[in-house]
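Chemist: Take a look at the following structure, please.
The values are calculated or read from the model by the stated rules, or taken from the named source; none is laboratory data. The structure displayed is predicted, hence computed values, not measured ones. Note that each Cβ is placed from the backbone with ideal geometry, even for glycine, and that neighbours are counted across all protein chains shown. Remember, those area values only see protein heavy atoms, side chains included, never the ligands or the DNA or RNA. Shrake-Rupley method; radii C 1.70, N 1.55, O 1.52, S 1.80 Å.
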2 protein chains.
Amino acid sequence: MIQNDLFLKALNNETVERPPVWMMRQAGRYLPEFRALREKYDFFTRCKTPELASEITVQPIRIVKPDAAILFSDILVVPQAMGIDVELEDGIGPIIPNPIRSLKDIEQVRIPDINESLGYVMDAIDMTKEMLNNEVPLIGFAGSPWTIFCYAVEGKGSKSYDKAKGFCFSEPVAAHLLLQKITDTTIAYLKEKVKHGVNAVQIFDSWGGMLSPTDYQEFSWQYINQIVEALAPETKVIVFGKGCWFALNDMAKSKASALGVDWTCSPKNARYLTGGKITLQGNFDPSRLLSPIPTIKKMVHEMIDEFGKDNYIVNLGHGILPNIPVDHAKAFVEAVKEYGK
Amino acid sequence: MIQNDLFLKALNNETVERPPVWMMRQAGRYLPEFRALREKYDFFTRCKTPELASEITVQPIRIVKPDAAILFSDILVVPQAMGIDVELEDGIGPIIPNPIRSLKDIEQVRIPDINESLGYVMDAIDMTKEMLNNEVPLIGFAGSPWTIFCYAVEGKGSKSYDKAKGFCFSEPVAAHLLLQKITDTTIAYLKEKVKHGVNAVQIFDSWGGMLSPTDYQEFSWQYINQIVEALAPETKVIVFGKGCWFALNDMAKSKASALGVDWTCSPKNARYLTGGKITLQGNFDPSRLLSPIPTIKKMVHEMIDEFGKDNYIVNLGHGILPNIPVDHAKAFVEAVKEYGK
């Protein structure tokens with residue numbers, strides 16, 4: 001049994017004395033210990049070496065002490081396993097040297113055997129579980145099919161993913177074929193993670209907010225929902241769609257156990273849009289961690305008051321930024337632990 | 001008197017037989033005629049040479065025939081006039097070589113004499129008015145203080161403007177000083193445009209959607225509202241905040257005559273959030289112009305049905321993309337003109 005089960009209780013809609021807290025990208029560059037490993041090993045080496053991935057996963061648990069761990073990895077290991085080359089360029093981010101731009105490209109994308117191509121992730125889970133020794137729950141994750149599609153078609157990060165969107169709008173049949181392949185792979189991938197003991201999974205839809213509500217249904221949500229339907233019988237599923245406030249109402253009707261919210265959607269709006277009961281997760285503006293510590297603590301307490309302490313998981317509204325002082329990250333977590341005291 | 005006054009009627013909440021239409025960035029790279037001038041003259045030469053700016057402004061009126069013209073210029077001419085160096089790098093966008101990062105930097109930013117530093121814009125308006133010969137109304141515009149601030153502090157375009165936001169959150173007093181200077185300059189700038197005969201002004205808050213609702217009030221809306229208050233007695237003011245659905249309710253209570261909406265906010269949500277009556281402008285996803293022409297026309301008609309033909313200005317939800325075929329842009333405008341026929 002997990003010793004600190006606050007996170008699992010919140011996912012189960014159980015009453016808690018204070019909400020659990022973790023931070024997206026909590027295993028990241030703001031930690032000097034992470035940066036030390038980053039200097040020695042490149043990105044995919046860190047992802048693909050279970051000793052490194054597990055060590056990086058556990059670093060924030062020791063240092064900033066959140067209530068859940070999230071496996072260090074990257075959403076782009078999935079398209080990589082599907083035969084799409086992914087490179088990481090320092091200071092630029094991920095690059096797909098041969099972006100997917102035709103039906104022929106898509107036909108060549110494979111649905112991989114998970115243990116063959118992503119076994120290193122499973123090894124990292126096994127090793128992390130051992131290191132965590134049931135102290136806190138472990139979250140596994142994947143990108144949403146739409147978000148993976150964005151990278152695969154656009155070829156790199158973008159402000160608006162116009163190429164990816166243009167492809168959907170001019171060649172919808174081909175687009176859906178690729179989205180379905182990513183979905184099938186993701187389902188198998190997350191199921192395997194559950195077999196290896198992750199206590200919940202989160203789907204990151206980083207670029208869903210680029211779509212209109214109607215296009216979101218067609219190109220993103222229907223695929224996320226396939227994943228939710230497939231995984232919900234086996235584990236708790238959290239869906240986080242950045243900028244997807246307009247879809248919260250539909251998401252709340254799905255089998256997801258919790259929904260992530262970003263900081264542009266106020267707690268009041270988020271509760272209103274989701275009917276008030278489903279567990280919500282978020283939504284502190286990551287840049288707000290640059291505020292003075294007393295301001296951070298005050299804002300965290302106000303945020304908990306607004307979401308309510310139950311059916312709520314404290315988190316940022318997106319990943320923690322590399323330039324956040326560790327003390328400020330610690331203050332964020334401490335503020336939650338001090339809530340109501 | 002303006003011959004085609006549909007746009008002005010919509011701003012006046014008058015009943016129309018069909019809504020007016022124009023497109024953000026309608027004088028832009030998708031037009032071969034624009035690209036021809038772009039090859040010969042660099043960006044700021046085009047902005048600062050009234051003969052070029054007016055010619056570029058009128059190009060789309062002749063080619064795609066929208067119901068309003070918008071003066072070709074750039075929001076960054078304002079910080080440039082305030083003594084902040086702005087360069088435009090091909091393929092990268094605007095660069096501020098010496099970003100504003102301290103109170104001392106801000107103290108050195110000047111509030112310029114408009115006619116001295118931005119007289120070329122007024123000359124371009126005079127020349128454009130003559131060329132338009134009262135055929136359609138002319139819109140003048142400015143960036144919101146927050147959006148100008150983002151560029152000035154960040155130093156370049158960004159996905160999340162973390163440096164600009166971090167500056168606000170760690171040095172709010174200094175941030176407000178700069179925001180007020182930009183606001184004062186913008187008010188004087190837009191008033192001068194009105195004197196030269198623009199028929200309406202639009203404020204572009206491109207990066208307001210990076211802020212939480214509370215921070216939006218503090219760092220963006222209060223300054224936009226100063227501009228609205230100052231300009232509303234003299235002209236019609238349109239406020240467009242990209243990603244600012246959460247602020248639509250407050251915006252609707254201001255003296256703005258119309259509010260821009262992006263495609264992530266459905267017509268139904270936009271009407272609900274604004275109380276149903278204020279003129280709305282938008283919100284076709286620019287990428288959707290890559291759809292086949294029959295799809296574009298169908299979607300435009302559905303959009304008008306959803307917003308309602310009155311108190312509505314058809315537009316995109318952001319600027320038209322450079323890769324849109326001219327025929328598709330024409331189809332967008334034609335679809336509006338065919339509405340109800």
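Chemist: Quickly estimate the mean residue ellipticity at 222 nm for chain A, helices only: each DSSP H run with n ≥ 4 gives -39500 (n - 2.57), and the total goes over all residues, rounded to 500.
Modeler: Values: 16 runs with 160 residues, N = 341.
Rounded to the nearest 500, the figure is -14000 deg cm²/dmol.
Chemist: Okay, next question. Tell me the GluC sites (Glu not before Pro) within region A:63-160 that lie in a loop according to DSSP and have at most 16 other beta-carbon atoms within 10 Å. Show your work: numbers first, answer last.
Modeler: On the way: sites: A:87, A:89, A:107, A:116, A:130, A:135, A:154; in loops: A:135.
Within region A:63-160, the qualifying GluC sites (Glu not before Pro) (loop, at most 16 other Cβ atoms within 10 Å) are A:135.
Chemist: Give me the one-decimal nm value for the distance between modelled label points at residue B:323 and residue A:326, 7 Å along each residue's Cα-to-Cβ direction.
Modeler: Using points 7 Å along Cα→Cβ, the separation is 4.4 nm.
Chemist: Based on alpha-carbon centroids, what's the gap between region B:102-151 and region B:1-71 in Å, whole number please?
Modeler: Centre-to-centre (Cα) distance: 17 Å.
Chemist: Quick one: putting +1 on the C-beta of Lys and Arg, -1 on the C-beta of Asp and Glu, what dipole do you get for the protein assembly as shown around its Cα centre, in Debye to the nearest 20?
Modeler: Working: 74 positive and 84 negative charges, 168 e Å.
Dipole about the Cα centre, nearest 20: 800 debye.
Chemist: Under the definition of Cα pairs under 8 Å and six or more residues apart, what whole-number percent is the relative contact order of region A:6-338?
Modeler: On the way: 612 pairs, mean separation 74.1, N = 333.
Normalised by residue count, the contact order of region A:6-338 is 22 percent.
Chemist: Further question on the same structure: Taking the Cα centre of region B:6-338 as the origin, how large is its charge dipole in debye, to the nearest 20, when only Lys and Arg (+1) and Asp and Glu (-1) carry charge on their Cβ atoms?
Modeler: On the way: 36 positive and 41 negative charges, 127 e Å.
Dipole size: approximately 620 debye.
Chemist: Enumerate the residues in region B:253-290 having an amide nitrogen under 18 Å from the point lying 7 Å beyond the Cα of residue A:214 toward its Cβ.
Modeler: Counting only backbone N, you get B:261-272, B:281-290.
Chemist: If each of residue A:337 and residue B:110 carries a label point 7 Å out from its Cα toward its Cβ, how far apart are those two points in nm?
Modeler: Reported label-point gap for residue A:337 and residue B:110 is 5.5 nm.
Chemist: Write down the percent of antiparallel bridges among all DSSP beta bridges whose residues are both part of the protein assembly as shown, to the nearest 5. Before the final figure, lay out each step's value.
Modeler: Numbers: 8 of 60 bridges.
If I count the DSSP bridges inside the protein assembly as shown, around 15 percent turn out antiparallel.
Chemist: Go through region A:54-62 residue by residue and turn each phi into a ³J(HN,Hα) via Karplus (6.51, -1.76, 1.60, θ = phi - 60°); whole Hz please, and just put x for glycine and proline.
Modeler: Here the 3J(HN,Hα) series is 6, 4, 5, 4, 7, 3, x, 4, 6 Hz.
Chemist: May I have the pair-distance distribution P(r) for region A:6-338, computed from all Cα-Cα distances with 20 Å bins from 0 and rounded to whole percent?
Modeler: 33, 61, 6
Chemist: Set the Förster radius R0 to 56 Å, insert the Cβ-Cβ distance between residue B:195 and residue A:135 as r into 1/(1 + (r/R0)^6), and round the FRET efficiency to 0.05.
Modeler: Numbers: r = 69 Å, r/R0 = 1.23.
According to the calculation, E is roughly 0.20.
Chemist: Could you tell me what percent of the accessible area of chain B is made up of carbon and sulfur, with a 1.4 Å probe and every protein chain present? It would help to have the intermediate numbers written out before the result.
Modeler: On the way: 6190 of 12720 Å².
Whole-percent figure for carbon plus sulfur exposure: 49.
Chemist: To the nearest 0.05, how large is the calculated FRET efficiency for residue A:14 and residue A:272 if R₀ is 22 Å and r is the Cβ-Cβ distance?
Modeler: Numbers: r = 23 Å, r/R0 = 1.05.
That gives a FRET efficiency of 0.45.
Chemist: Can you give the accessible area per residue of region B:6-338, in Å², using a 1.4 Å probe?
Modeler: Details: 11950 Å² over 333 residues.
For region B:6-338, the solvent-accessible area averages 36 Å² per residue.
Chemist: First measure r as the distance between the Cβ atoms of residue A:126 and residue A:295, then evaluate 1/(1 + (r/R0)^6) with R0 = 30 Å and state the FRET efficiency to the nearest 0.05. Working shown, then result.
Modeler: On the way: r = 41 Å, r/R0 = 1.37.
Working from the Cβ atoms, E equals 0.15.
Chemist: Under the definition of partner shielding as Cβ atoms of other protein chains within 10 Å of a residue Cβ, what is the mean value for peptide A:253-264? Display every interim value, and only then the final one.
Modeler: Working: counts 0, 0, 0, 0, 0, 0, 0, 0, 0, 1, 7, 13.
Mean partner shielding for this stretch: 2.
Chemist: Please check region B:279-305 for residues whose accessible area, probe 1.4 Å, is lower by 50 Å² or more when all protein chains are in place than in their chain alone.
Modeler: By number: B:287, B:288, B:290.
Chemist: So the label point goes 7 Å from the Cα of residue A:302 along Cα→C-beta, right? Which residues of region B:143-174 then have their backbone N under 19 Å from it?
Modeler: In region B:143-174, the label zone of residue A:302 (backbone N under 19 Å from the point 7 Å along Cα→Cβ) covers B:165-174.
Chemist: To continue, here is another question. Find, among the residues of chain B, the one whose Cβ sits nearest the axis of the rotation taking B to A; state the distance in whole Å.
Modeler: In residue-and-Å form, the answer is B:159, 3.
Chemist: According to a simple spin-label model (label point 7 Å from Cα along Cα-to-Cβ), what is the distance in nm between residue A:95 and residue B:92?
Modeler: 1.6
Chemist: Another one. Roughly how large is the A-B contact in terms of buried accessible area, totalled over both chains, probe 1.4 Å, nearest 100 Å²? Numbers along the way, then the final one.
Modeler: Details: alone 13930 and 13950 Å², together 25440 Å².
Between A and B, the summed buried area is about 2400 Å².
Chemist: Averaged across the residues of B:156-166, what count of C-beta atoms belonging to other chains lies within 10 Å of each residue's C-beta? Please list the in-between numbers first.
Modeler: Numbers: counts 0, 1, 1, 5, 6, 1, 8, 4, 1, 6, 9.
That works out to 4 on average.
Chemist: Around residue A:283, which amide H atoms from residues at least 5 apart in sequence, or from another chain, sit under 5 Å from its own amide H, with H modelled in the peptide plane?
Modeler: A:315
Chemist: For a quick check: with amide H placed at 1.01 Å from N, whose amide H comes under 5 Å from residue A:88's, ignoring anything fewer than 5 positions away on the same chain?
Modeler: Distant-sequence amide H within range of residue A:88: A:95.
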